Amino acid sequence: MPPRASVSEVKPRGHKRWVLQLRWVFIYEKGYQSTDTAVSSVFTKMKGVGHTNVNGSERVWDVSDYVFPPQGDSSFVVMTNYILTEGQQMGKCPEDCLSKWVIVQQLNGRKKKRTVNSACVQFGQMTGVCVKATNTCEVLAWCPVENDRVIPTPPLLMSAENYTLFIKNSVTFPIFGVTRSNLVEGVDADYINKCLYSPEDAPLCPIFKLGDIVKLSGFSFETIAQVGGAIGIVVDWTCNFDVDVKHCKPKYNFHGLYGNPGEKDQTRASVGYNFRYAKHYLENSVEKRTLLKVFGIRFDIIVQSLARKFDIIPTLTAIGSGVGIFGVATVVCDLVLLYLLPKREFYKNMKFKHTDTTIKDPDSEVASIEMEK
């Protein structure tokens with residue numbers, strides 16, 4: 001009988017696939033470890049004294065004056081500039097208007113100019129009375145009303161650049177039962193008294209200079225101090241508990257959260273960060289207050305964490321999943337290479353081996369001789 005062709009598949013070696021799988025699962029994804037995130041707490045403490053001299057009036061500002069709130073939270077504001085309105089008391093006074101413009105009216109054939117206030121700040125309740133001296137409306141408010149049209153330049157508290165911030169952070173990984181503090185081994189009282197954070201020289205020091213924080217976040221201190229802004233301090237705990245716990249140490253990163261340092265102020269819808277607060281007092285049995293419009297830098301301390309440790313269950317799960325994925329991947333690749341690619345015939349010839357086989361006829365002479373033997 002004529003020879004018959006048979007096709008057998010050439011099985012590729014599987015060790016390369018297993019090597020890739022092991023690299024991906026165990027080296028890159030670390031699939032042999034279980035993970036946990038931390039429960040954390042943050043305490044802060046500011047130190048530094050500011051000095052201002054405005055129109056011959058000198059004043060010293062300490063921590064209780066320029067930090068809001070003063071409790072040492074993970075989010076707080078340091079005042080760097082302000083507008084002060086002193087001696088306000090409840091009463092009636094003209095409202096404050098930002099700008100004026102002139103319109104022309106035709107009255108009995110004659111032109112007449114009239115001044116109109118285009119943008120008035122509403123600081124109180126209108127009484128319905130017009131004040132001719134200022135061409136504005138009368139309001140019931142804290143008088144005199146605030147005038148915040150001119151922001152002091154340079155910032156009044158440029159000395160804030162030299163303030164120091166102490167951060168105390170504690171984290172607990174409940175699954176692994178590990179508690180760590182950013183006051184790690186070697187960071188004792190003597191070290192804290194003389195250290196100042198530096199990414200290269202003192203990366204574990206928990207005391208930071210405000211000017212350094214602003215610089216590391218990409219901002220100019222004078223620019224952000226004038227109108228305010230926001231900066232994020234990230235405390236990163238990425239730990240591997242397969243080694244000694246003492247190697248679990250924090251890393252600090254700094255990010256400008258509000259605005260882009262390279263963006264022009266004119267393109268922003270709202271510039272800076274500010275708020276107002278008042279200090280009330282009695283003078284001759286009359287209630288008065290001092291109003292401050294505060295421009296400051298808001299600091300948000302953000303703790304992010306990820307701890308890993310060997311666990312047999314995720315190890316077996318990762319291996320099983322990898323085997324299944326590679327099995328499906330083989331089928332999909334074969335379908336693409338055998339039926340979709342332009343050079344699919346070449347792949348078929350490489351994947352399958354063609355052999356010729358001869359089927360012996362029992363009635364033939366050669367077969368009868370072999371049977372006799």
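Quick note: the coordinates plus some simple rules give every number you see, no bench work behind them. Keep in mind it's a predicted model, so treat the numbers as computed, not measured. Quick reminder, even Gly has a Cβ in these numbers, built from the backbone with ideal geometry, and neighbours come from all protein chains shown.
Points to keep in mind about this one:
- Take the Cα of residue 30, step 7 Å toward its Cβ, do the same at residue 331, and the gap between the two points is 3.4 nm.
- Shape analysis of region 164-213 places it in the prolate category; the axes a ≥ b ≥ c from the Cα gyration tensor give an a/c of at least 1.5, with a/b above b/c.
- Between region 146-172 and region 38-61, the alpha-carbon center distance in angstrom: 7 Å
- Highest-first arrangement of 292-302, 243-253, where packing means the average Cβ count within 10 Å: 292-302, 243-253
- Fully extending the segment from residue 338 to residue 63, taken as 0.36 nm per residue of separation minus the present Cα-Cα distance, adds 91.6 nm.
- Measuring between alpha carbons in the structure, the pairs from 47/209; 45/168; 194/251; 249/309 lying more than 18 angstrom apart are 194/251.
- Full extension of the chain between residue 287 and residue 147 gives 48.3 nm of extra length, using 0.36 nm per residue less the Cα-Cα distance.
- One decimal place: the segment residue 133-residue 223 gains 28.6 nm when fully extended, by the rule 0.36 nm per residue minus the C-alpha distance.
- Separation in nanometres of the label points that stand 7 Å from Cα toward Cβ, at residue 351 and residue 193: 7.6 nm
- The simple spin-label model puts a point 7 Å past each Cα toward its Cβ; for residue 279 and residue 311 those points are separated by 5.4 nm.
- Ranked by how many other beta carbons lie within 10 Å on average, peptides 331-338, 156-163 from highest: 156-163, 331-338
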